[in-house]
1. So if I take the centroid of the Cα atoms in the stretch B:210-257 and the same for the stretch A:87-143, what is the distance between those two points in Å?
2. How big is the gap, in Å, between the Cα center of the stretch B:261-289 and the Cα center of the stretch B:147-178?
3. Check residue A:111: other-chain or 5+ apart residues with amide H under 5 Å from its amide H, H built from backbone geometry?
4. Which of B:38, B:233, B:189 moves most in a GNM of chain B, Cα contacts under 10 Å?
5. Summarise the accessible area of the protein assembly as shown (1.4 Å probe, protein heavy atoms) by the percent that is carbon and sulfur.
6. Tell me, what ³J(HN,Hα) does each residue in the stretch A:7-20 have, in order and in whole Hz, if you take phi through Karplus 6.51 cos²θ - 1.76 cosθ + 1.60 with θ = phi - 60° and put x for Gly and Pro?
7. Would you mind getting the Kirkwood hydrodynamic radius of the stretch B:1-328 from its Cα pairs, rounded to one decimal in Å?
8. For the protein assembly as shown, what is the percent of antiparallel DSSP beta bridges, rounded to the nearest 5?
Amino acid sequence: MINQISVFLENKPGTLNNLTEILANNKIGIRALSLAETKDFGIARLIVDDAYEAITVLKDNDFVARLSPVIAFEIPDQIGGLNKLMTEFSAAKVNVEYMYASLGSKGTNNAYMIFRVAHTEDSEAALIGRGLKPLTQDDVANI
Amino acid sequence: MERYFQKEIECASREEIKAMQDEKIVAQVKHVWENVPYYKKKMEKKGVTPDDIKGIDDLYKLPFLSKADLRDAYPYGLLGVPLDECVRIHSTSGTTGKRVVAFYTQDDIDLWDDCCARAIVAAGGTKSDVCQVSYGYGLFTGGAGLNGGSHKVGCLTLPMSSGSTDRQIMFNQDLQATILCCTPSYAAYLGERMKEMGYGPDEIPLKAGIFGAEAWSEEMRHDIEKTLGIKAYDIYGLTELSGPGVAFECSEQNGMHINEDHFVAEIIDPDTEEVLPIGSEGELVFTALDKKAFPLLRYRTRDICRLSLEKCSCGRTHVRMCKPKGRTDDMLIIRGVNVFPSQIETVLINHGYAANYQIIVGRVNNTDTLDVKVEMTPEMFTDNIGDIEARQKELVDGLKAMLGIKAKVILVAPKTIQRSEGKAVRVIDNRKI
């Protein structure tokens, strides 16, 4: 299980830039990012190298942000890679609320898949039971 | 046990109060007739002379004064004494765009200070208390009024004025202030900031707060009481009548006792100007019985309110006024419906949002639009858009139930709605009518 940071953003020019600037100034690396939007506001969801540091600096800068548990997997970046993973999710009856992906860095042939699921702990245990290896917080820091 | 600043007055019998008012109104009308030609003309126009006023029951015969009169007579037209008898002026904040200048003799200031002292004692204040006055000092009456009252009670007075929030908190902690006087929106902001700095209610030395000068809801009171760990008391007043202290809350926290030895209240129908029986809702009208420099008779406050003469368990006998529902000029007419900002505030707080909000009224295709901007709070935020939208919809439904019209709720980032250190600017009306 790893920590994802969700940040409330108003839907207007410059708000995402305010967020990235604070992360950059505090030397926080973004590993994966997705943006969910409505007509009026958005939620940025991020996986970063140091989630606790990130949430502290964001709160200090008057952002509304929170940590949520997500599970992440490294899968081979090849046809059928995601399908194989989802087959396991399906067999373990894990319900996905939302997901996003990030390609591995140059040189590796892998991709990272991040999932927000219902009943995170139980779901993760079920997937581990089927032989899958979710990433840990340390894995994320070292990507 | 309930304590009083001037028990013999505050707990006088209704007969004694009436006798006091009968005597004072006769003298006051005579004073105004002789010294304020502007009002004399109004009386003549209505065919009233001082001889017609034999007691407080004849009050209804006198003409009204309105904000427009104060503007017409600006600056000296309603002055009741020579300027060299006056020792100070105060002026309204101009939130409604029209400044009023009020004059005071030393006696006027003394009676005003007494009124504020009554409020402080009713809130539990004694000479051992440390009273932090965080109303603005200056032309605004808040700072001067509570400062004067605090002196009369004998509290150690911290004349903080408004603003410099971190310094306010430092003095509050270092000098262990026990009573806070400021606007409710500033009290809420101070509480928010103290919470951020890690001070829980037990680490905050305050025991009571006296908050006024703007409309606030019962829900906002509970919020402030919880955050600061205090009992929060309402105080009412207006510059035209002296300032805060025209009426104040007692330990019952159920309506504000009007200082009837100095101010007589009436409730009228704002359209017909007819005096309504006690208990009716209508516009609050005040007559100043003792003030000499700025002696307003039958001044229309534009506050919508109700009076009660029900016996109060605190022992005070003076009539109580409810929290004004709103000023007639705060009232917005949106799609033909009367909307008071305080109603919107009630709904927001009931739904867990901060009392900091902005109401934006506009007009699109000849139809009024009502947008309510509220700040996202850490408690309300989740990573799930559906949850946030569901809460947003609950709020829209809550507003619809309260107001009868649909409002759009706009969630904005924290601290993006301006905090007020004086009076909050809650309403932006962009309609060009």
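1. Cα centroid to Cα centroid, the span is 55 Å.
2. 35
3. Here the answer is A:75, A:77, A:104, since their amide H atoms fall under 5 Å of that of residue A:111.
4. Result: B:38 has the largest fluctuation of those listed.
5. 50
6. Along the stretch A:7-20, the couplings run 10, 7, 10, 6, 8, 7, x, x, 5, 5, 5, 4, 5, 5 Hz.
7. Working: mean 1/r = 0.0498 Å⁻¹.
About 20.1 Å, per the Kirkwood formula over Cα pairs.
8. Working: 72 of 96 bridges.
Here the antiparallel bridges make up roughly 75 percent for the protein assembly as shown.
The values are calculated or read from the model by the stated rules, or taken from the named source; none is laboratory data. These figures come from a predicted structure and were not determined experimentally. Cβ: placed from backbone, ideal geometry, glycine included. Neighbour counts: every protein chain shown. All accessible areas refer to the heavy atoms of the entire protein, side chains included, with ligands and DNA or RNA removed. Shrake-Rupley method; radii C 1.70, N 1.55, O 1.52, S 1.80 Å.
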